[in-house]
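Heads up, the thing below is written out as C-alpha cells.
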Amino acid sequence: MAELTELTIHEAAGLLKSGEVSSVDLTQAHLDRIAEVDGTIRAYLTVTTDEALEAARAADARRASGEDHPLLGIPLAYKDVLCTEGVETTCGSRILKGYRPPYSATAIERLAQHGAVMLGKTNMDEFAMGSSTENSAYQITRNPWDTERVPGGSSGGSSAAVAARMALGALGTDTGGSIRQPASLSGVVGIKPSYGRVSRYGLVAFGSSLDQIGPFTRSVADAALLLNTMVGHDERDSTSMSLPVVDFTADLTEDIKGLRIGVPDEYFIEGIEPDVERTIREAIDKLGEMGAEVKPVSLPHTDSALPVYYLVAPAEASANLARFDGVRYGPRIEGDEMWETYRQTKGAGFGPEVKRRIMLGTYALSAGYFDAYYLKAQKVRTLIKQDFDRAFEEVDVIAGPVSPTTAFKIGERVDDPLQMYLSDVFTLAVNLAGICGISVPCGFDGKGLPIGLQFIGPAFGEDRILHAAHAYEQTTTWHTQAPSFDLVS
Ligand code: GLN
C-alpha cells in the first residue's frame, strides 16, 4: 500500500470505505509526518493532536455503525483565519493571540458534520494581507520545493501543508489571489469559488465583498469533493446563495472537445517570467490538441485591477479591523484612558502591512477623498466585471497564468510592497468581478519550481473550470510529482 500521506482524498476514501485503513491510522500517519517535517516547513501554527485522534476515533465509530461519506475520517488542515470552536484562531496576528472562538466557521462545521478530521491551523499572512506568508506575526513558512523560498500567500501554510504531505487537503481564503497564487507557487490545486458560493460565516473578514473560502488539494477531483460539502446557503451569511445542489465531481470527464477557451492578451505582459509564459502557452496548446477551441479574448481593464483592488480591499479592511481594539478579543495593553488603550493595543498588536492597509483604506474613505478614490474605484470595478461578462459571451472559460513568477526567495520582496502586490496581478480581477478561478499544476521552471495554470469561469461556473482543469490534469503528470527537501534540525 502506498504511504498514507501520499494518497489523494479519493484514494484514502476508498481505503476507508473498504476497511483497509482506519481514520486513526490515516490521521496518525499525518501527525507523524507533521512531527517529522514541520520543523522545517513550518506550515502549522497549531497542531490539534488530541482532538484529531478523538475525531478520527469518532469517524471510525460512525463508519462501523454503517455511515458512509467520502470525507468520513479524512484529515484536513484549516487556515488560521477560519474560526474553530475552542481552538486558538489568530489570523497570523499578535492582536488575536490566545483568542479561542466560541463557534466554528460554517464551511468547517459542514466538513466536520460529514466526518472530516481537523489536524490543525495553518500559518498565513497577518489577516490574509500578503502574497508570501512572511507577514505572519509568528513564523515563516518554507516552500517544500525549495526551502529558501516562500510558498506564496496569504494561505501559504495551507498550500505548503498539502504540498509537503502534511494534510490530504486544506482550506484557505482568497480575497485577491490567496488560494490560487500559493497553490501555483506550491504545486497544488487551489480553487476560489464565486462570491456567494461558500458561506463566509466564521471567516474573519478582510475585504467582505471579495473574500471567499476554498480548498487546496493534490487533485482537481479532490477539490470538487471538498467543495461539494462546503457550499450552499447559510442563514448566518446573507451573501451566501441558495442554489440547486450540484455534485461537482459528476462531470469530471476528460473530454473537452468543443470547449471554448479564451486567452486574454492582457495576461501576457512585461514582467512575466519567460519560463512561466512558455509553460502556460504550452499548456494552452495542449488544450487545443485535446479538442478545445482556443481563441483570443480581450479584458481591456486588466491594468486597472491592481489599483482598484488596493483601494477597495484596504477600505473594507479598515472598517473590518476596527473591531480589534483590545476590548473584546485578544490581549489588551492598558493605557490611562480609552483612546490610549486603543492606541497601545493596536500599535503593538498589528504588524506593518496591516497598518499600511488600514491607513490606505481610511484615507480612501475619508471625507473629501471618498469620491475621488473609493467611489471611482467601485465604478472601475464595474468595468472590470463587464469585461468578463463580454468575454463569457464568447467563451466558456478563460485560461492564463496565475502569477507572473514562480516562488521567490524569502526576504526578496518583503520590503517592497509594490513588488509583492504584483504577485497577484492576474488573480485580483476575479475577486473584483465575483467570479471563480482555479490553479492547476502545469509544469516547472528551470529551477524546478512549480507553475500553475489558471482557469477562470463566470459566476457560479465552478463546474466549468473544474472540468477544464481536471481534463488537463488527467493528460499530464505534473500533479503527481512530490517535492523533496532536506530537514533542518
Ligand atoms: N495578496 C493580496 C493582498 O495582499 C491578496 C490577499 C488575499 O487574497 N487574501 O491583499
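Just a few scattered comments:
- Entries in LYS97/LYS379; LYS346/LYS376; LYS346/LYS379; LYS192/LYS409 that, when Cα-Cα distance is taken, lie over 28 Å: LYS97/LYS379; LYS346/LYS376; LYS346/LYS379
- Fraction of antiparallel bridges per DSSP, the stretch 187-345 only, in percent to nearest 5: 45
- The value given for the stretch 25-109 is a Kirkwood hydrodynamic radius of 14.3 Å, derived from the mean inverse Cα-Cα separation.
- Computed with the Debye formula from one identical point scatterer per Cα of the stretch 393-455, without solvent, the log10 of I(q)/I(0) at q = 0.12, 0.27 Å⁻¹ comes to -0.37, -1.21.
- Here, the chain is characterised by an Rg to Rh ratio of 0.95, where Rg is the alpha-carbon radius of gyration and Rh the Kirkwood radius.
- Under a model in which nothing but the beta-carbon of Lys, Arg (+1) and Asp, Glu (-1) is charged, the stretch 220-303 shows a dipole of about 260 debye around its Cα centre.
- An oblate overall shape is assigned to the stretch 172-252, the ratio a/c of its alpha-carbon gyration tensor axes (a ≥ b ≥ c) being 1.5 or greater and a/b not exceeding b/c.
- Using the rule -39500 (n - 2.57) for each DSSP H run of four or more residues, divided by the residues of the chain, the 222 nm mean residue ellipticity is -11500 deg cm²/dmol.
- Computed Rg/Rh of the stretch 81-120, alpha carbon atoms with Kirkwood Rh: 1.00
- Measure of compaction for the stretch 99-244 (Cα Rg per 2.2 N^0.38 Å): 0.97
- When the charge dipole of the chain is built from unit charges on Cβ atoms (+1 for Lys and Arg, -1 for Asp and Glu) and taken about the Cα centre, the candidate among VAL87, GLY347, SER242 whose Cα reaches farthest toward its positive end is GLY347.
- Relative to the Cα centre, the charge distribution of the chain, modelled as +1 at Lys and Arg Cβ and -1 at Asp and Glu Cβ, gives a dipole magnitude of about 940 debye.
- Our coupling estimate for the stretch 306-322, obtained by passing each phi through the Karplus curve with A = 6.51, B = -1.76, C = 1.60 and θ = phi - 60°, is 5, x, 5, 4, 7, 9, 5, 5, x, 4, 5, 5, 5, 6, 5, 7, 4 Hz, Gly and Pro reported as x.
- Cα gyration tensor shape for the stretch 352-469, rounded if a/c is under 1.5, else prolate or oblate: oblate
- Under the Karplus curve 6.51 cos²θ - 1.76 cosθ + 1.60, θ = phi - 60°, whole-Hz ³J(HN,Hα) for the stretch 282-295, x wherever Gly or Pro sits: 4, 5, 5, 4, 4, 4, x, 4, 6, x, 6, 9, 8, 8
- Evaluated with a Cβ-only charge set (Lys, Arg +1; Asp, Glu -1), the stretch 10-153 carries a dipole of roughly 280 debye about its Cα centre, given to the nearest 20.
- Relative pair counts by distance (%), Cα atoms of the stretch 7-72, 5 Å bins: 3, 17, 25, 22, 17, 10, 4, 1, 0
- Here is the P(r) of the stretch 120-182: all C-alpha pair distances, binned every 10 Å from 0, give 29, 59, 12 in whole percents.
- Within the chain, DSSP assigns beta bridges of which about 70% are antiparallel (rounded to the nearest 5).
- Counting every alpha-carbon pair across the stretch 177-224, the share separated by more than 17 Å comes to 35%.
- Qualifying aspartates and glutamates (Cα of each under 12 Å from Cα of LYS355; at least 8 residues distant if same chain): GLU126
- Ellipsoid semi-axes in whole angstrom, largest first, where each is sqrt(5λ) of the Cα gyration tensor of the stretch 33-178: 26, 17, 13
- Toward the positive end of the charge dipole of the chain, with +1 on the Cβ of Lys and Arg and -1 on the Cβ of Asp and Glu, the farthest Cα among ALA55, ALA482, TYR195 is that of TYR195.
Coordinate-derived values only; no laboratory data. None of the values given here were measured: they were computed from a predicted structure. Every residue, glycine as well, gets a Cβ built from its backbone with ideal geometry; the counts of neighbours run over all protein chains shown.
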